[in-house]
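Please read the structure below before turning to the comments.
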């Protein structure tokens, strides 16, 4: 068991190292201008190793997509008694810059962290392939959101609510990205996103009181 744990930890470190190197290359040179072979060379691994960890080149950029999903699922399933699904999601998407980061909005107040996050967003917006991948990821959420909600409410209601939540999350991404690309202050970025989530989840809560 100890060997298994060590092996998994080593694999996680290798995956993170490859992704970090790839992301830096994408930011510096543009997603379309970087090849997987160049990423492998910079990470000192083979192309085969890169694809052992990442199915597509786009996955190197969106390497935390599964962490986002897991954080959302955990927020719903582990919410305190008496807290609704919508309240749990409202809390998650207002209190955190990204769902998996428990430090909330604090990192944006560090100038270097702000610059890094802004560069990440700018690289995505400059790439048609990454923008398309973002849409595909968001669209894929509808199905598992529906399954998650169907554990608690009627299947038809879950289908409708899942689509609305995914649409609201996509709107949040656009608002956050726009504010960051404008170079607004960290507190202004946070206020804009919070206001949007308050409005959106408030309306959903009134429409789906159960």
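The values are calculated or read from the model by the stated rules, or taken from the named source; none is laboratory data. Computed from a prediction, not measured in an experiment: that's the story for all the values here. A quick note on method: Cβ atoms are made from the backbone with ideal geometry, for glycine too, and the neighbour counts reach across all protein chains shown.
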Pull up the stretch 17-39, narrow it to residues that are in a helix (DSSP H, G or I) and without any contact (Cβ under 8 Å) to a residue 12 or more places away in the chain, then point me to the one that is farthest from residue 166 (Cα to Cα).
-> 37
Considering only the stretch 98-127, how many residues are surrounded by fewer than 16 Cβ atoms within 10 Å (Cβ to Cβ), without any contact (Cβ under 8 Å) to a residue 60 or more places away in the chain and in a helix (DSSP H, G or I)?
-> 7
Odd one out for residue 140, checked against (1) under 30 Å from residue 25 (Cα atoms); (2) without any contact (Cβ under 8 Å) to a residue 60 or more places away in the chain; (3) in contact with a helix residue (DSSP H, G or I) (Cβ under 7 Å, 6 or more places away or on another chain) | (3)
Only residues that are loosely packed, with under 15 Cβ neighbours inside 10 Å, in a helix (DSSP H, G or I) and in contact with a helix residue (DSSP H, G or I) (Cβ under 9 Å, 6 or more places away or on another chain): list them for the stretch 174-190, please.
-> 178, 181, 187, 188
If you take the residues in the stretch 78-97 that are in a helix (DSSP H, G or I) and touching a residue at least 24 places away in the same chain (Cβ under 8 Å), which one is farthest from residue 194 (Cα to Cα)?
-> 85
Sort through 167, 200, 183 and tell me the only one that's under 26 Å from residue 104 (Cβ atoms) and free of Cβ contacts under 8 Å to residues at least 12 places away in the same chain.
-> 167
Identify, by number, the condition in (1) within 18 Å of the chain's Cα centre (by Cα); (2) without any contact (Cβ under 8 Å) to a residue 40 or more places away in the chain; (3) not in a helix (DSSP H, G or I) that residue 63 doesn't meet.
-> (2)
Residue, surrounded by the fewest Cβ atoms within 10 Å (Cβ to Cβ), within the stretch 40-60, restricted to residues that are assigned to a loop (DSSP other than H, G, I, E, B) and under 22 Å from the mean Cα position of the chain (by Cα) | 55
Going by the conditions given, is residue 70 surrounded by fewer than 18 Cβ atoms within 10 Å (Cβ to Cβ), in contact (Cβ under 8 Å) with a residue 40 or more places away in the chain and under 28 Å from residue 165 (Cβ atoms)?
-> no
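From the list 152, 102, pick out the single residue that is under 17 Å from the mean Cα position of the chain (by Cα) and at pLDDT below 95.
102
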